[in-house]
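What follows is one structure encoded as structure tokens, with my remarks underneath.
The values are calculated or read from the model by the stated rules, or taken from the named source; none is laboratory data. Please read these numbers as outputs of a predicted model, since none were measured by experiment. Quick reminder, even Gly has a Cβ in these numbers, built from the backbone with ideal geometry, and neighbours come from all protein chains shown. When the accessible area is computed, the model is the full protein with side chains, heavy atoms only, and any ligands, DNA or RNA have been set aside. Shrake-Rupley method; radii C 1.70, N 1.55, O 1.52, S 1.80 Å.
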Amino acid sequence: MMKPTVMIVEDEASLVTMLRYNLEKEGFRVTEAGDGEEALTIADETPPDAVLLDWMLPRMSGIEVCRQLRRKSETRNVPIIMLTARNEETDKVRGLNVGADDYMTKPFSMPELMARVRALLRRAKPSQTKGVLNFSDIVMDLDSHRVSRAGKNIHLGPTEFRLLQFFMERPGTVFSREELLNSVWGPDIYVEPRTVDVHIRRLRKALNENGGADIIRTVRAAGYSIDTSEPPDSGELTDEDQVAAE
Ligand code: CA
């Protein structure tokens, strides 16, 4: 199962350390930013599944960061919890008006914050915490980690499983090798872009083992997607063709 990413936007180093420790213990992937501009850059690079956003930040306030995150399509619906040292009701109202989903006053209880993060993630993306994904005749059970096609079990390695889950949550969208590396392998892990091709080949082979249409599209110079529509005539090759051609 792909770990949800939580972005911490906070300028207080000791609090960042504590938040990171607790979030990682909960099984989340963590990105962090010390100010608002950095937060927007990091959110572009690795769109988070939830954001912990400090109110008082250097240069750009947490409110402004919240507004800007809400303007971008990738983060329009991301759950945001505002962290604030202030306690006035007006601040709370203002925070919720700019589009924060929740709000906690410092100092807060870490278990309570973790519970709220989990609750927001469950509401925002039920398919990422647990559940079943369907695409064409393929069924992915994320709880039992089982994959079947037309009722027959398919065995996938852990990377192929994460790749298929990533595609099945975003059918029809083409992803470059770099985007797949960043999202499926993680931004901190260095592997050759060619590694993606190897795992796509394995995934395709496993999915097609018992027949059925090839749902993985290889789009030359662009990347990969899953799709059931007829591919256009030009600009497409199977990845085997592509490797042979290179
Ligand atoms: Ca602060």
### Task
Taking G99 as the residue in question, decide whether it is surrounded by 14 or more Cβ atoms within 10 Å (Cβ to Cβ), modelled with pLDDT under 90 and within 16 Å of the ligand (Cβ to nearest atom).
no
### Task
Among the residues of the range 132-168, write down those that are in contact with a strand residue (DSSP E or B) (Cβ under 9 Å, 6 or more places away or on another chain), open to solvent by 60 Å² or more (accessible area, probe 1.4 Å) and in a strand (DSSP E or B).
V132, N134, R146, N153
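Does M56 count as within 16 Å of the ligand (Cβ to nearest atom) and within 18 Å of D102 (Cβ to Cβ)? Please lay out each step first, then the result.
Values: within 16 Å of the ligand (Cβ to nearest atom): yes; within 18 Å of D102 (Cβ to Cβ): yes.
Answer is yes for this residue.
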### Message
Name the residue that is nearest to the ligand (Cβ to nearest atom), counting only residues in the range 1-38 that are part of a loop (DSSP other than H, G, I, E, B) and of a type outside the set (D, E).
### Response
G34
#### Entry: Qualifying positions in the range 185-216 - small (G, A, S) and open to solvent by 40 Å² or more (accessible area, probe 1.4 Å)
G212, A213
### Task
Name every residue in the range 59-68 that is surrounded by fewer than 24 Cβ atoms within 10 Å (Cβ to Cβ) and either within 8 Å of the ligand (Cβ to nearest atom) or β-branched (V, I, T) (or both), in order of residue number.
I63
### Criterion (surrounded by fewer than 18 Cβ atoms within 10 Å (Cβ to Cβ), modelled with pLDDT of 90 or more and touching a strand residue (DSSP E or B) at 6+ places or on another chain (Cβ under 7 Å)) met by exactly one of E37, E24
E24
